[in-house]
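The values are calculated or read from the model by the stated rules, or taken from the named source; none is laboratory data. Treat the numbers as computed from the prediction; the structure is a model and nothing was measured. Don't worry about glycine lacking a Cβ; one is built from the backbone with ideal geometry, like all the others, and counts go over all protein chains shown.
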C-alpha cells in the first residue's frame, strides 16, 4: 500500500537520470535531443492553451498582448521577452547554460509553429480538454528538460536569482512576478480566462508528475536536493 501511494505522489525534486549532463555547457547528443524534445513539448502545450482561447499561462498572456499591440508574432514576442528576462540576470549574477539559450529559442519556435497548426475548436468541452491536455504536455516537457541539468529557463533563472539575492520566499517571488506579468499582458490584450486559472492550479502537480515520469524513463538513480532547484518549491 505504501509503495502504491508513493507511486501516486508527484515528485517535488529533480530525479537524477542517466541522461543528466555533468556540465551546463557540455553534453552528449542524446541529452541535447531530450532537451529539445522537452522544450518543444513545452511550447506545444502553451500553444494548446492559446488555441483553446480560454486563457493562457501568464507569460504567454504577456507575449500575446505584445503581439496584439506591435507588428510581431506571438513566437517573436515570446523570444523577445526571454531575451529581456535574460538581461535581467546580469545584476543577479546568474549563470546561463545551453538549456537556457535553447529554452529561449525552441519554446518560441514551437509556440509559433504549433499555434499556426492547431485548430480552434468551437465546442467548449473540447476547448477545455485542450487546456487540460496542454497543461499535461507542459508538465511532460518540463520533466524532460529539467532532468537534463543544462541550466534553467530565462524565467526560472530570474525567479531563483531574485530569491537567492534577496532571501524572499520563492513562492512569493514567483507569485509576484507572474501576477505582474499577467496583469500587464491582460492590459495589453492577452487572453485571460478559465484556462489561466486551471494552469495556475494544475501546473505544479503536472510538472511533478512529469518529473516522476522522466525519472522512471531515465532510470533515476537519485534525486537532486530541492535547494538546487528552488523553483520546484512554489
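Criterion first (assigned to a helix (DSSP H, G or I), touching a helix residue (DSSP H, G or I) at 6+ places or on another chain (Cβ under 6 Å) and buried (at least 23 other Cβ atoms within 10 Å of the Cβ)) does residue 61 satisfy it? So residue 61 passes the test. Inspect segment 27-42 for any residue being closer than 17 Å to residue 130 by Cβ, surrounded by 23 or more Cβ atoms within 10 Å (Cβ to Cβ) and either in contact with a strand residue (DSSP E or B) (Cβ under 7 Å, 6 or more places away or on another chain) or at pLDDT 95 or above (or both) and give the result as yes or no. Within segment 27-42 (the criterion being closer than 17 Å to residue 130 by Cβ, surrounded by 23 or more Cβ atoms within 10 Å (Cβ to Cβ) and either in contact with a strand residue (DSSP E or B) (Cβ under 7 Å, 6 or more places away or on another chain) or at pLDDT 95 or above (or both)), the answer is yes, since at least one residue qualifies. For the criterion of being more than 24 Å from residue 209 (Cα to Cα) and either in contact with a helix residue (DSSP H, G or I) (Cβ under 7 Å, 6 or more places away or on another chain) or surrounded by 15 or more Cβ atoms within 10 Å (Cβ to Cβ) (or both), residue 113 passes. Residues of segment 144-180 being crowded, with 20+ Cβ neighbours inside 10 Å and outside any helix (DSSP H, G or I), which ones? Passing the criteria: 147, 148, 149, 150, 151, 152, 153. Residue-level check: of (1) part of a helix (DSSP H, G or I); (2) over 16 Å from residue 42 (Cβ atoms); (3) touching a residue at least 24 places away in the same chain (Cβ under 8 Å), residue 119 misses just (1). If a residue has to be closer than 26 Å to residue 116 by Cβ and over 16 Å from the mean Cα position of the chain (by Cα) to count, how many in segment 81-102 make the cut? The total comes to 1.
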